[in-house]
Amino acid sequence: METPDWTKLTVDPVDEVVRSNVVGYLNRIRKGLPNNDYNVYLESKVLGKDVLDIGICEHTQERIDSPNWKHNVIRKHSKFSLGIDIIENLVEKLQDKGVNVAHCDATSDKYLGRKFDVVHAGDVIEHVNSPVALLNFCSRHLEDNGTIIVRTPNPYCFNYVHLHGVFGTDKSNLEHVYYICPIHALEIGRRCDLNLTDYYTLRAGKFTLRGIYTAIRHFLNFDFRHCFAELFAQDEVYSTIFVYEFKKKL
């Protein structure tokens, strides 16, 4: 299914009919993360593949040392992996430990000399000066039948909206400059000649065993907001993240 290109249908980006068609497409390609777990999803996508991992340092040494460091998942399950980051001192420390990593700006015009089956940019796109430049870099390093994976926060998650009210404004990561919702991802992809083929969210358990168990646990902790969300929230209200998959237009 090819991504709809609104510019072929109208010159007006707020044309109601075209926007409705675009929203319909986005609703059709939305999926739930397997086991409601990003790492499970990531393992399945990188298994046996050549992978470029962008932004592997995750800002600090503490995150690198964490058992939740995402690059460990990629190193463990991929056939070959290369990480890149702009934090030079952390890159050098990783190199000293034998990690295959290079100091590189993923919004630059640089070419690393090879292409990859998967290009992973986890929690990066909201930090960069130009999301288009980032996806162009990803595309430049992607095999024709490969996949770009972009993970980013969901600003409309019910708990983030609640915290916005608590603090009186958005108490965000101080380095964030964008929120990339699905309709924005679609447009960024169009400008980079990429198809947004799928996107993933966490999903509420609702009235499954998982959902009921989780809701009861929240209820017993007097966390009624999370209890209600676990039973009733829609995907895009429940999920803390969006995970986008882009492919080249061939």
How many of the residues in segment 190-211 are in a loop (DSSP other than H, G, I, E, B), among the hydrophobic types (A, V, I, L, M, F, W, C) and under 18 Å from Arg151 (Cα atoms)?
2
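Given the residues Val150, Val132, which is the only one that is in a helix (DSSP H, G or I), closer than 19 Å to Glu245 by Cβ and in contact with a Cys (Cβ under 9 Å, 6 or more places away or on another chain)? First the steps, then the outcome.
Details: Val150 fails: in a helix (DSSP H, G or I).
Exactly one of Val150, Val132 is in a helix (DSSP H, G or I), closer than 19 Å to Glu245 by Cβ and in contact with a Cys (Cβ under 9 Å, 6 or more places away or on another chain), namely Val132.
Taking segment 6-28 as the search range and keeping residues that are surrounded by 15 or more Cβ atoms within 10 Å (Cβ to Cβ) and under 25 Å from the mean Cα position of the chain (by Cα), which one is nearest to Cys181 (Cα to Cα)?
Taking segment 6-28 first, the residues surrounded by 15 or more Cβ atoms within 10 Å (Cβ to Cβ) are 6, 18-19, 22, 25-26.
With the extra rule that they be under 25 Å from the mean Cα position of the chain (by Cα), the set shrinks to 6, 19, 22, 25-26.
Values: Trp6: 17, Arg19: 14, Val22: 13, Tyr25: 14, Leu26: 11 Å.
If we take residues in segment 6-28 being surrounded by 15 or more Cβ atoms within 10 Å (Cβ to Cβ) and under 25 Å from the mean Cα position of the chain (by Cα), then Leu26 is nearest to Cys181 (Cα to Cα).
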Considering every residue within segment 107-114, establish whether at least one is in a helix (DSSP H, G or I) and either at pLDDT 95 or above or surrounded by 19 or more Cβ atoms within 10 Å (Cβ to Cβ) (or both).
no
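Considering only residues that are among the polar types (S, T, N, Q) and either under 19 Å from Arg191 (Cα atoms) or in contact (Cβ under 8 Å) with a residue 12 or more places away in the chain (or both), which ones fall in segment 89-147? Full working, then the answer.
Residues of segment 89-147 that are among the polar types (S, T, N, Q), as a first pass: 89, 95, 100, 107-108, 129-130, 136, 139, 145, 147.
Correct list: Asn100, Thr107, Ser108, Asn129, Ser130, Asn136, Ser139, Asn145, Thr147.
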Residues of segment 171-186 satisfying the condition of being more than 15 Å from Val128 (Cβ to Cβ) and touching a residue at least 60 places away in the same chain (Cβ under 8 Å)
Cys181, Pro182, Ile183, Leu186
Does segment 53-96 hold any residues that are outside any helix (DSSP H, G or I), modelled with pLDDT under 95 and surrounded by fewer than 18 Cβ atoms within 10 Å (Cβ to Cβ), and which are they?
His59, Thr60, Ser66, Pro67, Asn68, Trp69
For Lys31: the one exception among (1) touching a residue at least 24 places away in the same chain (Cβ under 8 Å); (2) buried (at least 17 other Cβ atoms within 10 Å of the Cβ):
(2)
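Yes or no: segment 232-247 includes at least one residue that is under 22 Å from Glu58 (Cβ atoms), in a helix (DSSP H, G or I) and at pLDDT 95 or above.
Pass one, segment 232-247, residues under 22 Å from Glu58 (Cβ atoms): 239-246.
Still in the list and also in a helix (DSSP H, G or I): none.
No, there is no match, as no residue in segment 232-247 is under 22 Å from Glu58 (Cβ atoms), in a helix (DSSP H, G or I) and at pLDDT 95 or above.
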Which residues, counting only those in segment 106-128, are within 17 Å of the chain's Cα centre (by Cα) and over 18 Å from Lys70 (Cβ atoms)?
Thr107
Can you find even one residue in segment 191-208 that is of a type in the set (Val, Ile, Thr), in contact with a helix residue (DSSP H, G or I) (Cβ under 7 Å, 6 or more places away or on another chain) and within 29 Å of Glu143 (Cβ to Cβ)?
yes
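When you scan segment 130-146, how many residues do you find that are surrounded by fewer than 21 Cβ atoms within 10 Å (Cβ to Cβ) and either within 17 Å of the chain's Cα centre (by Cα) or modelled with pLDDT under 95 (or both)? Can you show your working first?
Our first condition is that a residue be surrounded by fewer than 21 Cβ atoms within 10 Å (Cβ to Cβ); within segment 130-146, this holds for 130, 132-133, 136, 139-140, 143-145.
So of that shortlist, the ones also either within 17 Å of the chain's Cα centre (by Cα) or modelled with pLDDT under 95 (or both) come out as 130, 132-133, 136, 139.
Total meeting the criteria: 5.
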When you scan segment 7-38, how many residues do you find that are closer than 15 Å to Ser239 by Cβ and part of a loop (DSSP other than H, G, I, E, B)?
2
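Could you tell me whether segment 54-63 includes any residue that is of a type in the set (Ser, Thr, Tyr) and under 25 Å from Cys181 (Cβ atoms)? Show your work before the answer.
Applying the first criterion (of a type in the set (Ser, Thr, Tyr)) to segment 54-63 yields 60.
Next cut, under 25 Å from Cys181 (Cβ atoms) only: none.
No, segment 54-63 contains no residue that is of a type in the set (Ser, Thr, Tyr) and under 25 Å from Cys181 (Cβ atoms).
Hey, among Gly205, Gly168, which residue is of a type in the set (Gly, Ala, Ser), crowded, with 16+ Cβ neighbours inside 10 Å and at pLDDT 95 or above?
Values: Gly168 fails: crowded, with 16+ Cβ neighbours inside 10 Å.
Selected residue: Gly205, the only one of Gly205, Gly168 that is of a type in the set (Gly, Ala, Ser), crowded, with 16+ Cβ neighbours inside 10 Å and at pLDDT 95 or above.
The values are calculated or read from the model by the stated rules, or taken from the named source; none is laboratory data. Keep in mind that what you see is a predicted model, and the values were worked out from it rather than measured. Using ideal geometry, Cβ is built from the backbone for each residue, glycine included, and neighbour counts are taken over all protein chains shown.
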